[in-house]
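Read through the structure below, which is laid out as C-alpha coordinates, and then see the notes.
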Amino acid sequence: MRINRLDLHRYGKFTDCSLTLPAAPCDFHMLVGANEAGKSTIRAAILDLLFGIEARSTYDFLHPRSELRLAGSITHAAESLDFQRLRKSSKSLLDAAGQPLGDDALLPFLGNSERSFFDQMFALDHLRLIRGGNEILNASNDIGRILFQSAAGIGSLGAVRDQLEAEADPLWARRHTTKFNGVSYPVQRAAEVKAAKR
(Lines give C-alpha, C1' and ligand atoms only; values in the text may rest on other atoms or scores of the structure.)
Protein backbone atom coordinates (compact mmCIF):
# COMPACT_ATOMS: atom_id res chain seq x y z
CA MET A 1 0.00 0.00 0.00
CA ARG A 2 1.16 3.53 -0.81
CA ILE A 3 -0.04 6.74 0.83
CA ASN A 4 -0.40 9.44 -1.82
CA ARG A 5 -1.89 12.21 0.29
CA LEU A 6 -2.73 12.98 3.91
CA ASP A 7 -5.20 15.74 4.77
CA LEU A 8 -5.36 16.98 8.35
CA HIS A 9 -8.62 18.92 8.15
CA ARG A 10 -9.15 19.16 11.91
CA TYR A 11 -6.56 17.23 13.85
CA GLY A 12 -4.09 18.24 16.55
CA LYS A 13 -2.63 21.67 15.81
CA PHE A 14 -3.56 21.44 12.13
CA THR A 15 -6.50 22.94 10.26
CA ASP A 16 -7.06 22.22 6.56
CA CYS A 17 -3.46 21.12 6.06
CA SER A 18 -2.64 18.77 3.17
CA LEU A 19 0.53 16.73 2.75
CA THR A 20 1.11 15.36 -0.77
CA LEU A 21 3.57 12.48 -1.33
CA PRO A 22 4.05 12.24 -5.12
CA ALA A 23 5.34 9.01 -6.59
CA ALA A 24 8.87 9.09 -7.98
CA PRO A 25 11.51 6.60 -9.20
CA CYS A 26 13.17 6.94 -5.77
CA ASP A 27 9.92 6.73 -3.83
CA PHE A 28 11.03 7.89 -0.40
CA HIS A 29 9.81 10.95 1.52
CA MET A 30 11.36 12.46 4.63
CA LEU A 31 9.56 14.98 6.81
CA VAL A 32 11.86 17.32 8.72
CA GLY A 33 10.83 19.87 11.30
CA ALA A 34 11.76 21.49 14.57
CA ASN A 35 10.48 20.22 17.92
CA GLU A 36 6.71 20.66 18.20
CA ALA A 37 6.40 21.16 14.42
CA GLY A 38 3.90 18.30 14.22
CA LYS A 39 5.95 15.27 13.09
CA SER A 40 4.52 12.99 15.79
CA THR A 41 1.03 14.32 15.07
CA ILE A 42 1.41 13.33 11.41
CA ARG A 43 2.59 9.85 12.43
CA ALA A 44 -0.48 9.48 14.66
CA ALA A 45 -2.73 10.87 11.93
CA ILE A 46 -1.65 8.11 9.53
CA LEU A 47 -2.65 5.48 12.10
CA ASP A 48 -5.98 7.19 12.79
CA LEU A 49 -6.72 7.65 9.10
CA LEU A 50 -6.22 3.95 8.38
CA PHE A 51 -7.66 2.39 11.55
CA GLY A 52 -9.99 4.99 13.05
CA ILE A 53 -9.63 8.00 15.31
CA GLU A 54 -9.55 6.68 18.85
CA ALA A 55 -12.45 7.48 21.18
CA ARG A 56 -10.12 9.10 23.71
CA SER A 57 -7.88 10.80 21.17
CA THR A 58 -5.48 13.34 22.64
CA TYR A 59 -5.38 15.30 19.38
CA ASP A 60 -8.39 17.44 20.29
CA PHE A 61 -6.51 20.35 21.85
CA LEU A 62 -7.49 22.77 19.04
CA HIS A 63 -10.64 21.21 17.59
CA PRO A 64 -13.36 19.47 19.66
CA ARG A 65 -12.94 15.70 19.73
CA SER A 66 -16.27 15.18 17.99
CA GLU A 67 -15.10 17.32 15.05
CA LEU A 68 -11.77 15.63 14.35
CA ARG A 69 -11.47 14.81 10.65
CA LEU A 70 -8.78 13.34 8.42
CA ALA A 71 -8.70 12.44 4.75
CA GLY A 72 -6.31 10.81 2.35
CA SER A 73 -5.59 8.92 -0.81
CA ILE A 74 -4.03 5.45 -0.90
CA THR A 75 -3.09 3.00 -3.66
CA HIS A 76 -2.47 -0.73 -3.77
CA ALA A 77 -2.17 -3.05 -6.78
CA ALA A 78 -3.32 -0.34 -9.21
CA GLU A 79 -6.44 0.34 -7.11
CA SER A 80 -6.85 3.76 -5.48
CA LEU A 81 -9.18 5.15 -2.85
CA ASP A 82 -9.83 8.74 -1.75
CA PHE A 83 -11.60 8.77 1.60
CA GLN A 84 -12.29 10.67 4.82
CA ARG A 85 -12.18 9.53 8.42
CA LEU A 86 -14.38 10.94 11.19
CA ARG A 87 -14.10 10.30 14.93
CA LYS A 88 -17.02 7.92 15.31
CA SER A 89 -17.30 4.43 16.77
CA SER A 90 -18.92 3.11 13.57
CA LYS A 91 -19.50 4.34 10.01
CA SER A 92 -16.49 6.61 10.37
CA LEU A 93 -15.39 6.17 6.74
CA LEU A 94 -16.67 8.46 3.98
CA ASP A 95 -15.71 8.68 0.33
CA ALA A 96 -14.28 11.88 -1.15
CA ALA A 97 -17.82 13.20 -1.76
CA GLY A 98 -18.84 12.60 1.85
CA GLN A 99 -20.91 9.47 1.21
CA PRO A 100 -20.61 6.59 3.71
CA LEU A 101 -18.24 3.72 2.98
CA GLY A 102 -18.39 0.29 4.57
CA ASP A 103 -16.16 -0.28 7.59
CA ASP A 104 -14.30 -2.90 5.51
CA ALA A 105 -13.52 -0.52 2.63
CA LEU A 106 -9.81 -0.49 3.50
CA LEU A 107 -9.37 -4.28 3.64
CA PRO A 108 -8.07 -4.52 0.03
CA PHE A 109 -5.37 -2.02 0.99
CA LEU A 110 -4.48 -3.15 4.53
CA GLY A 111 -5.08 -6.88 4.23
CA ASN A 112 -4.99 -8.51 7.66
CA SER A 113 -2.94 -5.73 9.24
CA GLU A 114 -4.34 -4.48 12.52
CA ARG A 115 -3.59 -1.20 14.22
CA SER A 116 -1.08 -2.63 16.71
CA PHE A 117 0.86 -4.49 14.00
CA PHE A 118 0.97 -1.45 11.70
CA ASP A 119 2.02 0.75 14.62
CA GLN A 120 4.89 -1.58 15.60
CA MET A 121 6.14 -2.13 12.05
CA PHE A 122 5.55 1.15 10.23
CA ALA A 123 4.87 3.92 12.77
CA LEU A 124 8.04 3.73 14.83
CA ASP A 125 9.51 6.61 16.74
CA HIS A 126 13.10 6.99 17.96
CA LEU A 127 12.58 5.53 21.42
CA ARG A 128 10.62 2.56 20.09
CA LEU A 129 13.38 1.78 17.57
CA ILE A 130 15.95 1.68 20.37
CA ARG A 131 13.72 -0.38 22.67
CA GLY A 132 12.75 -2.81 19.90
CA GLY A 133 16.37 -3.32 18.87
CA ASN A 134 17.37 -4.07 22.43
CA GLU A 135 14.49 -6.50 22.87
CA ILE A 136 15.55 -8.41 19.77
CA LEU A 137 19.21 -8.51 20.77
CA ASN A 138 18.52 -9.44 24.39
CA ALA A 139 15.81 -12.02 23.72
CA SER A 140 16.18 -15.04 25.98
CA ASN A 141 14.80 -17.28 23.22
CA ASP A 142 14.32 -17.14 19.47
CA ILE A 143 10.56 -16.50 19.39
CA GLY A 144 10.78 -12.71 19.25
CA ARG A 145 13.51 -12.87 16.64
CA ILE A 146 11.55 -15.33 14.47
CA LEU A 147 8.41 -13.19 14.67
CA PHE A 148 10.35 -10.09 13.68
CA GLN A 149 12.02 -11.90 10.77
CA SER A 150 8.68 -13.16 9.50
CA ALA A 151 6.93 -9.80 9.76
CA ALA A 152 9.77 -7.83 8.22
CA GLY A 153 10.75 -10.38 5.58
CA ILE A 154 14.33 -10.52 6.86
CA GLY A 155 14.99 -14.23 6.81
CA SER A 156 18.73 -14.02 7.47
CA LEU A 157 18.62 -11.92 10.64
CA GLY A 158 19.18 -14.90 12.96
CA ALA A 159 22.08 -16.29 10.94
CA VAL A 160 23.82 -12.92 10.75
CA ARG A 161 23.39 -12.37 14.51
CA ASP A 162 24.78 -15.85 15.29
CA GLN A 163 27.77 -15.25 12.99
CA LEU A 164 28.55 -11.93 14.68
CA GLU A 165 28.35 -13.56 18.11
CA ALA A 166 30.72 -16.34 16.98
CA GLU A 167 33.23 -13.77 15.71
CA ALA A 168 32.92 -11.63 18.84
CA ASP A 169 33.31 -14.48 21.34
CA PRO A 170 37.06 -15.07 20.79
CA LEU A 171 37.66 -11.34 21.10
CA TRP A 172 36.06 -11.36 24.56
CA ALA A 173 37.54 -14.65 25.82
CA ARG A 174 38.35 -14.79 29.55
CA ARG A 175 42.15 -14.75 29.15
CA HIS A 176 42.27 -12.50 26.13
CA THR A 177 44.46 -9.45 26.47
CA THR A 178 44.89 -6.40 24.33
CA LYS A 179 48.00 -4.28 23.94
CA PHE A 180 48.00 -0.54 24.08
CA ASN A 181 51.33 1.32 23.91
CA GLY A 182 53.16 -1.97 24.51
CA VAL A 183 51.28 -2.82 27.73
CA SER A 184 48.94 -5.83 27.92
CA TYR A 185 45.51 -5.28 29.49
CA PRO A 186 43.04 -8.07 30.38
CA VAL A 187 39.68 -7.81 28.60
CA GLN A 188 36.53 -8.99 30.35
CA ARG A 189 33.97 -11.14 28.60
CA ALA A 190 30.84 -9.24 27.59
CA ALA A 191 28.73 -11.48 29.85
CA GLU A 192 30.93 -10.62 32.85
CA VAL A 193 30.64 -6.91 32.14
CA LYS A 194 26.88 -7.23 31.86
CA ALA A 195 26.69 -9.20 35.12
CA ALA A 196 28.89 -6.68 36.91
CA LYS A 197 26.59 -3.83 35.88
CA ARG A 198 23.67 -5.61 37.51
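The values are calculated or read from the model by the stated rules, or taken from the named source; none is laboratory data. Everything quoted here is computed from the prediction, not taken from an experiment. Glycine also receives a Cβ, built like all others from the backbone with ideal geometry; neighbour counts cover every protein chain displayed. We work out accessible area using only protein heavy atoms, side chains counted, and drop any ligands, DNA or RNA first. Shrake-Rupley method; radii C 1.70, N 1.55, O 1.52, S 1.80 Å.
Listing for the model above:
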read-out	value
For peptides 83-89, 73-79, sequence by mean Cβ density within 10 Å, most packed first	83-89, 73-79
Per residue, in Å², the accessible surface of segment 1-106 once ligands and nucleic acids are set aside, probe 1.4 Å	58
About the Cα centre, charge dipole magnitude for segment 44-127 (Lys/Arg +1, Asp/Glu -1 at Cβ), debye	280
Prolate/oblate/rounded call for segment 70-112, Cα gyration tensor, a/c under 1.5 rounded	oblate
Inter-label distance for LEU62 and ILE130, nm, one decimal - labels placed 7 Å from Cα along Cα-to-Cβ	2.9
Sequence-distant residues sharing a close amide H with LYS88 (under 5 Å, placed H)	ILE53
Residue-span extension gain [ILE3 to ASN112] - 0.36 nm each, minus C-alpha spacing	37.5 nm
Highest to lowest packing among 98-106, 7-15, scored as the average C-beta count within 10 Å	7-15, 98-106
Globularity ratio of segment 1-101, using Cα Rg and 2.2 N^0.38 Å	1.07
